[in-house]
Amino acid sequence: MKTINKVLLWSYYIRLKIVQKQVNKFRKNTASEAELINQLNIGNVYTKIAAAFLIIQAHLGITLHDEQLIALMAMLDNKFVDVKTGEGKTMIVAAFCLVAPKPIHVVTVNEYLASYAASHLSELYTTCGLTVNVLYEDSSKNSEDIYSADIVYGTTNAFCLKYVIDRFKR
């Protein structure tokens, strides 16, 4: 099993180099924000990741590390990623939300984190033409209103509770 993981990890490092070349190409051509946002919609996966990298850097002043980009690529490959506390889960998820097909539901451990992440990243998402919402356990909002957003943050309990309530309404 360790050999498979090493091969997989090596393939992500190769793909990381492709993303880094694309980032450098965007920088060399001084790509505008509008061009980068357009690449999020029409580019290939490497172009999209490079565009997300530069947009996050411009809007939040945060440079994603190689490990975060590799985690992002793994998530885009439908792999589970274990990211420890302090290693940048919020930024990995932000990049994922910019790159991945919509809608996206982001599950957090508590409502404070859901609310904080959604509000902290809402300007970034809005700039990229995305809508964001937060699902609260005690929310009386209609599910259609909540789920109409491109990105919905919430807790496990909130998503499960809303699912059960919606099922009983049918």
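The values are calculated or read from the model by the stated rules, or taken from the named source; none is laboratory data. Note that the coordinates shown come from a computational prediction; the quantities given were computed from them, not determined experimentally. Positions of Cβ are backbone-derived with ideal geometry, glycine not excepted, and every protein chain shown enters the neighbour counts. Just the protein is used for accessible areas: all its heavy atoms, side chains included, with ligands, DNA and RNA removed. Shrake-Rupley method; radii C 1.70, N 1.55, O 1.52, S 1.80 Å.
Taking other residues whose beta carbon is less than 13 angstrom from the beta carbon of I18, and scoring Lys, Arg as +1 and Asp, Glu as -1, yields +4. Dividing the alpha-carbon radius of gyration of segment 4-74 by the rule-of-thumb value 2.2 N^0.38 Å gives 1.11. Ranked from largest to smallest solvent-accessible area, with a 1.4 Å probe on the protein heavy atoms, Y46, Y13, Y112 come out as Y112, Y13, Y46. Size descriptors for the chain: radius of gyration and Dmax over Cα atoms are 17.2, 56 Å.
Distant-in-sequence amide contacts of V134, defined by a placed amide H-H separation under 5 Å and a gap of 5 or more residues or a different chain, comprise Y153. To the nearest 10, the accessible area of D77 is 60 Å² with a 1.4 Å probe.
For the chain, the longest principal axis of the Cα atoms and the long axis of helix 89-99 meet at an angle of about 80 degrees. Length available on full extension from E137 to D82: 0.36 nm per residue minus the Cα-Cα distance, which gives 17.2 nm.
What is the total of Lys pairs in segment 27-155 with C-alpha atoms under 23 Å apart, excluding same-chain pairs fewer than 8 positions apart? Qualifying lysine pairs in segment 27-155: 8. Quick one: helix 111-127 against the long Cα principal axis of the chain, what's the angle to the nearest 10°, folded into 0 to 90? The two axes meet at around 50 degrees. As a length-normalised measure over Cα pairs under 8 Å and 6 or more apart, the relative contact order of segment 3-136 settles at 20 percent.
Karplus-based coupling profile of segment 63-73, in residue order and whole Hz: 9, 5, 7, 3, 4, 5, 5, 5, 4, 4, 4, with θ = phi - 60° in 6.51 cos²θ - 1.76 cosθ + 1.60 and x standing for Gly or Pro. Of the residues G61, G43, G88, the one that moves most in a GNM of the chain with alpha-carbon contacts below 10 Å is G61. Ordered by solvent-accessible area of protein heavy atoms (1.4 Å probe), largest first, the residues M75, M91 come out as M75, M91. Rounded to the nearest 0.05, the FRET efficiency derived from the C-beta distance between E123 and D66 at R0 = 45 Å is 0.95.
Note on segment 93-149: Rg/Rh from C-alpha atoms, Kirkwood Rh, equals 0.94. If I ignore ligands, DNA and RNA and count only protein heavy atoms, how much of H105 is accessible to a 1.4 Å probe, in Å² to the nearest 10? Per-residue accessible area (H105): approximately 90 Å².
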